[in-house]
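The values are calculated or read from the model by the stated rules, or taken from the named source; none is laboratory data. Here the structure is a predicted model, which is why all the values come from computation and not from measurement. Cβ sites come from the backbone with ideal geometry, for glycine too, and all protein chains shown count toward neighbours. Just the protein is used for accessible areas: all its heavy atoms, side chains included, with ligands, DNA and RNA removed. Shrake-Rupley method; radii C 1.70, N 1.55, O 1.52, S 1.80 Å.
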Amino acid sequence: MPGTLFLAHRVPFPPDRGDRIRSHHLLKALAKMGPVHVGCFGEGDAAAERALAALAASHCIAPRTKPLPLAGVEAVLCGKPVSLTAFHSRTLAAWVRETIARERIEAIVVFSGQMGQYVPDDFAGRVVIDLCDVDSAKFESYAAAGERVWLNAREARLLAREEERLGQRADATILISEAEAALYRSRLTMPGKVNVQVIGNGIDAAFFDPAASVRHPALAGQPGPHFTFTGQMDYRPNEQAALWVIEALLPSLRARFPQAMFHVVGRNPTRALMAHHGMPGVHIWGEVPDVRPFIARADAVLAPLLIARGVQNKVLEAMAMARPVVLTPEAATGIAAIDGAQWLVSPPEPETMAERIAGLLSDRATAGAIGAAARRFVLDHHGWEAMLAPLAGLIVKPAEGQRHAA
């Protein structure tokens, strides 16, 4: 039976962070279509490898051991983006060649632009590349914000070239939202040569169900109000957003609600975040076994991202949990909810956002209605099965004469 080669920059297990959630569901969808052979990077998680082995026809997990400074030196010497040299492995490259020679591989699906380097030039089957979002634009944003300007500007420039190369190599290039697709097209020198498709993010609404959540004993009896932010906390945009809440927004909130508590929930909180742990109104939880009790206890879930690409899973999860979400326009990208009906959108201005939150909390009936509408929206528009339905049509070779460019 023909198979698919799936290449991802992280083991798609467990589905507990944004990129792994998407790659996990992509892999499951591919496995329903036929044998899938998975090449990816890992960090020695035995449980994740067992889960992958149970689903994949074969797999190769290359160790992620290259230090970032070494990847940076390699990148400068060979004129490549650091993102590519950091994820280059001779072991994985050899496994890809061997698998294509050994198996009947009719399609290669690449998750994340770093992995496009493993697609052989002479591979004759279908190639589908899920860029998710436009990484080069993210690095441009970092440079524009004054963060390591030379390095980030260089990374943005070289990644933009790689993103266009991949688009021209692929039969279809997937972006996570119409906004990201439009941004990607606007940056191409030859957009007519790239077939751009949109497949959004889904949500497991049966798991993120308020009826399935249990109370967290540490939160019981605390008056609040409680505000929650979730995510991988060593990811710079998440760290930046959480610090903005602590340093800029929380003083305005506590002026209105003296017992307000802000909970930062997610693995690997940075030193800068941990320095605020225990300050009045601040609790940095780090990694927790289940994020749902923290979302369920929140009077509002905050997502004040200043730099954001694609669709934010943290937002979909909170909406599925029927919590009112207060977020910036950047964090709202790719989700067609309505301000004031299914969430509250505010610019990243402390007094403006605090005023909107205060208005929300002053009318509990309206807050409950927004949360209920948010869950209905997610159920109607963001189920994984519906989101990934177009995937099968992209990896199957069209009949002669039916292939077309976007």
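The table below lists the values:
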| read-out | value |
| --- | --- |
| Surface share of carbon and sulfur [accessible, 1.4 angstrom probe, percent] for the stretch 2-55 | 52 percent |
| Positive dipole terminus of the chain, leading residue within 127, 44, 394 (C-beta point charges) | 44 |
| Candidates 358, 332, 275: whichever shows maximal mean-square fluctuation once the chain is modelled as a Gaussian network with Cα springs under 10 Å | 275 |
| Rounded to the nearest 10 Å², the accessible area of residue 279 at probe 1.4 Å | 80 Å² |
| 0 to 90° range, to nearest 10: angle between helix 364-381 axis and the chain longest Cα axis | 10 degrees |
| Shape of the stretch 101-255, Cα gyration tensor, a/c cut at 1.5 | oblate |
| Listed residues 72, 202, 42, most fluctuating in the chain (Gaussian network, C-alpha, under 10 Å) | 72 |
| Cβ-placed point charges (K, R +1; D, E -1), dipole of the stretch 296-348 about Cα centre in debye, nearest 20 | 120 debye |
| Lysines with Cα under 26 Å of residue 314, excluding same-chain neighbours fewer than 8 positions away | 28, 138 |
| Net dipole in debye of the chain [+1 Lys, Arg Cβ; -1 Asp, Glu Cβ; about Cα centre; nearest 20] | 400 debye |
| Whether the stretch 89-135 is rounded, prolate or oblate, judged on the alpha carbon gyration tensor where a/c under 1.5 counts as rounded | oblate |
| Accessible solvent surface per residue of the chain, calculated while the other protein chains remain in place, 1.4 angstrom probe, Å² | 43 Å² |
| The stretch 294-362: C-alpha gyration tensor shape, a/c 1.5 cut-off, then a/b vs b/c | oblate |
| Degrees separating the helix 46-55 axis from the principal Cα axis of the chain, which is the longest one | 60 degrees |
| Residue among 300, 212, 372 with the largest mean-square fluctuation in a Gaussian network model of the chain, springs linking Cα atoms under 10 Å | 212 |
